[in-house]
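Working notes, structure below.
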Amino acid sequence: MKNIFLAFCSVLLLSSCALNQSSIQDLPLETESPASPLLPPTATPYPSPTSIPPTPTPDFIDRICSPLKDVAMNELNTIISQPFIKPDIGKDNGHCGVDFSFFRFKDHIGIEGLPVLSAMEGHVVTILNDRLPYGYAIIIETPIEKIDPDLLSAINIPILEPTVEPKPNVNCPADGELTFTIDSSQRSIYILYAHLKTLPIVQLGEYVDCGQIIGEVGNSGEEFSTNPHLHFETRVGPSGASFESMAYYTVQSTEAERYNYCIWRVSNLFQLFDPLLLLSAQP
């Protein structure tokens, strides 16, 4: 019986092998797949797209520095010798800035000769060579468009206002010509540092950094400066101003200097604002 079973299995195995062999012979031969019609067989695959770098954020002016060496921003209010007093419209009264002075402060005895620092980045646009009433002085311009929006909001500069006619008793020249072309579409902050000891140590047109030394505290300006102090004055006006000189209250001043003085000081083209708004601003 066992032999019959083995013989039967052998027959089945041979039949299965024959069937499989026949099936394999009937299958079509495997051929090479055709090349992709999009790329030639030897083409290098396209690289994956790279990410586009973000557009760099413009560098904004985002800080304000103390205008006096060794005097921290929060210490300035302790050395104010004369505060800001806004003048009447069209008049040259009041006090157009804030004065800093001391007889003794920390290790300093007397303020004369103390380095004056630029409170903001900007370009030197005016240097006054000991002209009344400012004495040796410097004006630095900082375009508003370059100031960080948060800092600008903290400064809270005045909105644009119309110009005014000076009052007759100011005796401003009726006519004159500016020696620069202003850009009325742009506004700038202008900071004036007055009564310096000597001419500023920076040059007209030079770009200065926040905290850079620009001169020394002095007593220039004759009777308009009775003791050494820094007169710090802030205005906002059309960009591009650069006064060759300005002077007033002296017979030695030229009509052009008096005209410039009235444009700067009385016309409201360069709008005055409290310097402490700038010095106390925090973004």
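Within the range 176-183, is there a residue that is open to solvent by 40 Å² or more (accessible area, probe 1.4 Å) and modelled with pLDDT of 95 or more?
No, the range 176-183 contains no residue that is open to solvent by 40 Å² or more (accessible area, probe 1.4 Å) and modelled with pLDDT of 95 or more.
When residues of the range 186-239 are filtered for being open to solvent by 30 Å² or more (accessible area, probe 1.4 Å), more than 24 Å from PHE105 (Cα to Cα) and in contact with a Ser or Thr (Cβ under 8 Å, 6 or more places away or on another chain), how many remain?
The total comes to 4.
Any residue in the range 73-87 that is in a helix (DSSP H, G or I) sitting within a Cβ distance under 8 Å of a residue that is open to solvent by 50 Å² or more (accessible area, probe 1.4 Å)? List the pairs, counting only those 6 or more apart or interchain.
Every condition considered, the pairs that remain are MET73/SER280; ASN77/LEU276.
Hey, could you check the range 239-265 for residues that are of a type in the set (A, V, I, L, M) and either free of Cβ contacts under 8 Å to residues at least 60 places away in the same chain or touching a helix residue (DSSP H, G or I) at 6+ places or on another chain (Cβ under 6 Å) (or both) and say which is farthest from ASN169 (Cα to Cα)?
MET246
Take GLU112 and decide whether it is more than 28 Å from the chain's Cα centre (by Cα), modelled with pLDDT under 95 and either assigned to a helix (DSSP H, G or I) or not aromatic (Phe, Trp, Tyr) (or both).
It is false that GLU112 is more than 28 Å from the chain's Cα centre (by Cα), modelled with pLDDT under 95 and either assigned to a helix (DSSP H, G or I) or not aromatic (Phe, Trp, Tyr) (or both).
Go through the range 91-109 and report how many residues are part of a loop (DSSP other than H, G, I, E, B), touching a residue at least 40 places away in the same chain (Cβ under 8 Å) and surrounded by 19 or more Cβ atoms within 10 Å (Cβ to Cβ).
Pass one, the range 91-109, residues part of a loop (DSSP other than H, G, I, E, B): 91-94, 96-97, 101-103, 106-107.
Now narrow it down to the ones that are touching a residue at least 40 places away in the same chain (Cβ under 8 Å): 91-92, 96-97, 101.
Still in the running and surrounded by 19 or more Cβ atoms within 10 Å (Cβ to Cβ): 92, 96-97, 101.
Selection size over the range 91-109: 4.
Counting only residues that are outside any strand (DSSP E or B), of a type in the set (D, E, K, R) and out of contact with any Phe, Trp or Tyr (no Cβ under 6 Å at 6 or more places or on another chain), how many does the range 121-155 have?
Taking the range 121-155 first, the residues outside any strand (DSSP E or B) are 121, 132-134, 144-146, 148-155.
Still in the running and of a type in the set (D, E, K, R): 121, 145-146, 148, 150.
Within this subset, residues satisfying the condition of being out of contact with any Phe, Trp or Tyr (no Cβ under 6 Å at 6 or more places or on another chain) are 121, 145-146, 150.
Selection size over the range 121-155: 4.
Which of the strands (runs of 3 or more DSSP E) found entirely inside the range 156-253 contain at least 1 residues meeting this: in contact with a Cys (Cβ under 9 Å, 6 or more places away or on another chain)?
Filter on the range 156-253 gives 183-196, 230-239.
Kindly evaluate GLN252 against the criterion of being among the polar types (S, T, N, Q), more than 17 Å from ASN129 (Cα to Cα), out of contact with any Leu (no Cβ under 6 Å at 6 or more places or on another chain) and surrounded by fewer than 18 Cβ atoms within 10 Å (Cβ to Cβ).
Numbers: among the polar types (S, T, N, Q): yes; more than 17 Å from ASN129 (Cα to Cα): no; out of contact with any Leu (no Cβ under 6 Å at 6 or more places or on another chain): yes; surrounded by fewer than 18 Cβ atoms within 10 Å (Cβ to Cβ): yes.
No.
Taking the condition of being without any contact (Cβ under 8 Å) to a residue 12 or more places away in the chain and either under 26 Å from the mean Cα position of the chain (by Cα) or within 13 Å of PRO238 (Cβ to Cβ) (or both), how many residues in the range 159-184 meet it?
The number of residues fulfilling the criteria is 1.
The values are calculated or read from the model by the stated rules, or taken from the named source; none is laboratory data. It should be emphasised that the depicted structure is a prediction, and the values quoted were computed from it without experimental measurement. Reconstructed Cβ throughout: ideal geometry from the backbone, glycine too, with neighbour counts over all protein chains shown. Quick note on the areas: whole protein, heavy atoms, side chains included, nothing else; ligands and nucleic acids left out. Shrake-Rupley method; radii C 1.70, N 1.55, O 1.52, S 1.80 Å.
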